[in-house]
1. Looking only at the stretch B:271-300, which residues are more than 30 Å from residue B:129 (Cα to Cα) and in contact with a strand residue (DSSP E or B) (Cβ under 9 Å, 6 or more places away or on another chain)?
2. Residue A:216 fails exactly one of the following numbered conditions: (1) away from chain B (no Cβ under 14 Å); (2) in a strand (DSSP E or B); (3) crowded, with 21+ Cβ neighbours inside 10 Å. What is the number of that condition?
3. Residues of the stretch B:142-178 being within 11 Å of chain A (Cβ to nearest Cβ), assigned to a loop (DSSP other than H, G, I, E, B) and either of a type outside the set (A, V, I, L, M) or over 22 Å from residue B:423 (Cα atoms) (or both), which ones?
4. Looking at (1) more than 11 Å from every other protein chain (Cβ to nearest Cβ); (2) surrounded by 20 or more Cβ atoms within 10 Å (Cβ to Cβ), find the lone condition where residue B:273 falls short.
5. Please go through the stretch B:232-252 and give me each residue that is of a type outside the set (A, V, I, L, M) and in contact (Cβ under 8 Å) with a residue 40 or more places away in the chain, ordered by number.
6. For residue A:351, only one of the following conditions fails: (1) out of contact with any Cys (no Cβ under 8 Å at 6 or more places or on another chain); (2) within 13 Å of chain B (Cβ to nearest Cβ). What is its number?
7. Consider residue B:367 against the criteria (1) at positive phi; (2) within 14 Å of chain A (Cβ to nearest Cβ): it satisfies all of them except one. Which criterion is unmet?
8. Residue B:60: crowded, with 24+ Cβ neighbours inside 10 Å, more than 14 Å from chain A (Cβ to nearest Cβ) and farther than 14 Å from residue B:207 by Cβ, yes or no?
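The values are calculated or read from the model by the stated rules, or taken from the named source; none is laboratory data. Small disclaimer: the values here were computed from a predicted structure and weren't measured. Neighbour counts are summed over all protein chains in view; Cβ atoms, including those assigned to glycine, are modelled from backbone coordinates with ideal geometry.
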Amino acid sequence: MNPLAGLLSERLSKAQVVDGCDTEPWAVCGRLPKAVVFPESEEQVAEILSLSSEEGWHCVPGGRGSWLHGGQPPPGVDILLSAERMNDISAYEPADQYIEAQAGAELDALERRTAECQQWLALDPPGGERGTIGAMLAVGTAGPLQAGFGSPRDQVLGATLVTGDGRVLDLGGRVVKNVAGFDVLKLVAGSWGTLGMITSVTMRLHPVPATDRSLLFKGVEAADGAELACRLARAPLPLAAVELLVPGDGESGVGAPSPLVAVRILESVDAADEAERVVSERAGMPPVQRLEGEQSAAIFDNVRAMEDGAELVLRLSLLPTRLPELVEMTSRLRGLYDPTEGWGMRLAAHAQAGVLRVMIAKVTRSDDWVDRAKTVLGVLRRSLEAEGGSLVISQGPPEIVGAVSAWGELGPAALFTAGIQAAFDPAGILTRGRLPQ
Amino acid sequence: MPEPLTKELGDRLRGVVGAAWVIADPDRLLAYESDGLTAYRRTPRAVVLPRDTDEVSRVLGILSQEAVPVVPRGAGTGLSGGALADGDAVVVGTARMTDMLKLDPANRLARVQPGMINADLTTAAEPFGLYYAPDPSSQSACTLGGNVAENSGGPHCLKYGVTARYVTGLTVVTYDGKIVEMGGFGRELGGYDLLGVFVGSEGCFGIATEIEVRLLPKPEGVRTLLAIFDRLGDAGRAVTEIMAEGLLPAALEIIDGPTIRAVEASVFAAGFPTDAEAALVVEFDGIEAGLAADVERAVVRCREAGAREVRTADSDEERLALWQGRKKAFGAMGQIASDLLVQDATVPRSKLTDVLGRISEIGVRHDLTIANVFHAGDGNLHPNLLFDRSDPEEVARVERASTEIMAVCVEAGGTITGEHGVGLDKRRYMSLVHGPEELEAMRRVKAVFDPRGHMNPGKVLPDRPDAAGGAL
């Protein structure tokens with residue numbers, strides 16, 4: 001063991017620390033940590049973090065490692081703390097519709113548990129079922145259901161955060177309405193582990209709806225798919241999700257890929273029938289496919305998994321009515337990849353939110369590939385920002401993310417960033433630079 | 001008595017907003033000495049009423065140069081004393097900032113000034129089939145700026161969520177006059193959720209001068225039913241059963257026996273049987289076709305829980321009649337008692353019946369009438385303590401009973417305020433729900449936005465145990 005790993009294993013136990021090539025699955029944007037530790041309690045997390053603050057060791061908190069390739073690459077990583085072994089469901093109260101779990105509990109486990117009582121966690125962030133609840137909150141990304149149910153920040157009731165200097169903060173509570181003091185929990189959602197390590201999370205649950213129905217409509221080409229998605233998103237109905245899906249170049253056989261618009265309806269039986277009628281009328285065509293129950297859920301599980309195997313994932317946003325323009329703009333990315341390599345480029349958009357995800361299977365390497373990406377993405381980001389939108393690189397080759405920056409300009413709001421970090425991580429050990437400064 | 005503005009400072013402020021909009025006359029300041037919680041009264045040093053972001057920024061720039069504390073104020077309908085200013089502080093009010101800045105129906109978005117009345121936003125959005133969801137009971141008077149400060153709720157937030165879910169962007173002016181944009185619909189910023197932590201910060205971080213909110217399509221249909229119970233516990237059970245059924249009503253509201261009798265004895269009489277001990281209002285909204293079945297299931301659950309009578313409404317008029325008792329409850333209580341303390345706390349829904357029983361015992365023990373009106377679906381209680389402020393002994397009993405009620409709610413796994421905020425009134429209960437580390441974290445976060453501690457000082461956070469008192 002290297003000296004750091006040795007020291008840590010003395011503090012915890014040998015079985016809780018790995019180093020050397022065993023750290024490979026835990027690379028953070030390509031950077032290998034010197035040691036990966038698997039704390040088994042909040043106290044152990046606090047011990048490691050307060051020791052690291054004293055010693056100036058750089059730490060990255062993680063769950064099972066699904067998101068470690070995202071965000072801005074940190075300058076270096078000494079210790080990766082995985083919540084993997086802290087995975088108990090500590091409280092589930094069906095009558096009060098909340099579930100409390102340790103940060104390393106898998107979304108899948110929560111889903112199985114709550115399904116027993118006809119309840120569910122109405123979130124579908126990108127990534128697999130084995131993602132952890134702690135990572136979901138730390139990353140804060142929402143999926144297609146955000147229009148109907150909100151993001152993780154809207155559905156989290158409470159969390160325990162161990163700060164960079166090892167303080168244990170119990171934030172929020174277990175009730176839906178709670179305005180007792182400043183909502184520090186909101187800062188934790190989407191903080192990418194830069195304020196501390198989340199060790200426990202309490203989430204709001206919803207009753208499983210009587211009907212889960214997805215209607216798939218087919219467009220001729222990407223542009224009219226986007227128009228259709230916009231039109232359906234504006235239906236005067238409480239639709240759970242309206243998602244535009246454009247398959248990759250290599251996934252659609254001959255010619256330009258045909259876009260699909262998937263509309264998810266979560267309602268009582270009668271209401272779902274009526275919603276289907278209104279949506280179909282608005283689409284001006286019947287759905288090409290109509291999926292019910294598990295099949296409906298499955299198609300949206302596929303949407304969650306669409307980033308799998310992508311080398312570059314971008315999130316572009318503008319106001320929802322401008323989705324067709326966003327889709328159009330993706331043609332500027334054509335020079336970055338070879339459409340015959342893998343499935344090329346896929347698109348998926350949350351039409352009600354105006355968020356378009358762009359997934360590129362493989363970025364073409366040439367002599368000037370990083371410069372080219374820098375130019376294309378820089379121009380695209382500037383034009384979106386000028387229109388009140390944004391471009392975020394969710395994941396990408398570290399060379400590109402390093403050159404372009406994962407995040408855009410914060411403007412005057414950046415005034416507060418350093419202060420917030422210092423309030424939670426005074427020694428600056430938690431991956432400063434992983435979020436925009 | 002407040003310290004008067006110096007002529008020089010007064011002139012500088014008048015130079016920004018105009019002479020008519022700096023109020024320093026003691027008689028006119030009386031209107032600003034309390035908010036909706038009238039137990040507290042304090043007179044501010046002056047009131048300044050700017051017109052827009054730029055004026056707010058210049059006013060705050062001047063006040064911060066002189067280190068004058070600032071208290072933001074909307075309509076003054078708050079119920080926690082949050083808008084009260086000590087004699088050294090200047091109130092910066094939003095009464096003149098009432099414009100709709102942008103209404104974008106296609107994107108279901110509005111950008112407004114903070115002084116706009118909550119209900120006026122819905123009125124403006126209605127022609128486009130849209131509405132603004134958070135509906136605090138004071139919505140015909142309270143401002144959206146105040147709603148942002150308090151993270152306000154309302155009866156329909158059971159289904160739709162509170163203010164924080166609807167605010168998508170803010171323009172904020174900090175104490176030193178800096179203008180900062182937070183959030184914005186249609187863009188995903190990396191970085192900390194400043195917007196999220198600003199909502200509910202009770203004027204302690206800065207003043208929101210522009211507010212961007214999400215609107216929702218108006219539900220196609222609404223159905224309301226009213227169930228009358230002989231026992232409050234049965235009404236509580238009906239709530240649990242309706243939720244366990246997997247139904248998601250838009251609102252689930254209970255008024256208890258003492259409230260029913262107060263309503264029926266008032267000009268707001270709604271035709272409720274005065275020997276009943278609870279009335280439960282259940283409302284469903286959404287796609288018309290699905291509502292009848294939902295109502296039917298809820299009626300069955302109410303009857304099974306022991307409802308002696310269930311009324312349904314077919315027309316809008318009948319629907320409003322069913323809501324009458326709930327909506328007029330506070331007004332009615334004002335008619336039977338000279339003073340009223342509206343408490344606010346949240347408990348897990350499954351603990352409702354238990355907690356209500358304990359609150360009733362507290363009332364008996366302190367010889368006080370406590371009438372309950374509450375958002376049962378999300379466990380948000382509003383025990384109303386009736387008293388006469390001219391009787392100091394009774395006031396003391398109200399104080400003691402309030403403290404005990406807070407303790408009971410926290411013990412049940414709840415919290416000391418669900419929607420009214422901490423303000424001045426509940427600082428003393430903060431340590432019931434937060435430990436020293438959590439309070440310290442909140443202090444540090446406040447200091448990031450307001451390092452000098454002059455924005456709405458003396459609110460929300462209790463003084464540090466080791467401090468002599470005063471700022472932060």
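1. Taking the stretch B:271-300 as the starting set, the residues that turn out to be more than 30 Å from residue B:129 (Cα to Cα) are B:271-279, B:300.
Once the filter is applied, which keeps residues that are more than 30 Å from residue B:129 (Cα to Cα) and in contact with a strand residue (DSSP E or B) (Cβ under 9 Å, 6 or more places away or on another chain), the stretch B:271-300 yields B:272, B:273, B:276, B:277, B:278, B:279.
2. The single condition residue A:216 does not satisfy is (3).
3. B:151, B:152, B:153, B:154, B:161, B:166, B:174, B:176, B:178
4. (2)
5. If the condition is that a residue be of a type outside the set (A, V, I, L, M) and in contact (Cβ under 8 Å) with a residue 40 or more places away in the chain, then B:233, B:234, B:236, B:237, B:240, B:241, B:245, B:249 are the ones that fit.
6. So the condition that residue A:351 fails would be (1).
7. Only one criterion is unmet by residue B:367, namely (2).
8. Spelling it out, it is not the case that residue B:60 is crowded, with 24+ Cβ neighbours inside 10 Å, more than 14 Å from chain A (Cβ to nearest Cβ) and farther than 14 Å from residue B:207 by Cβ.
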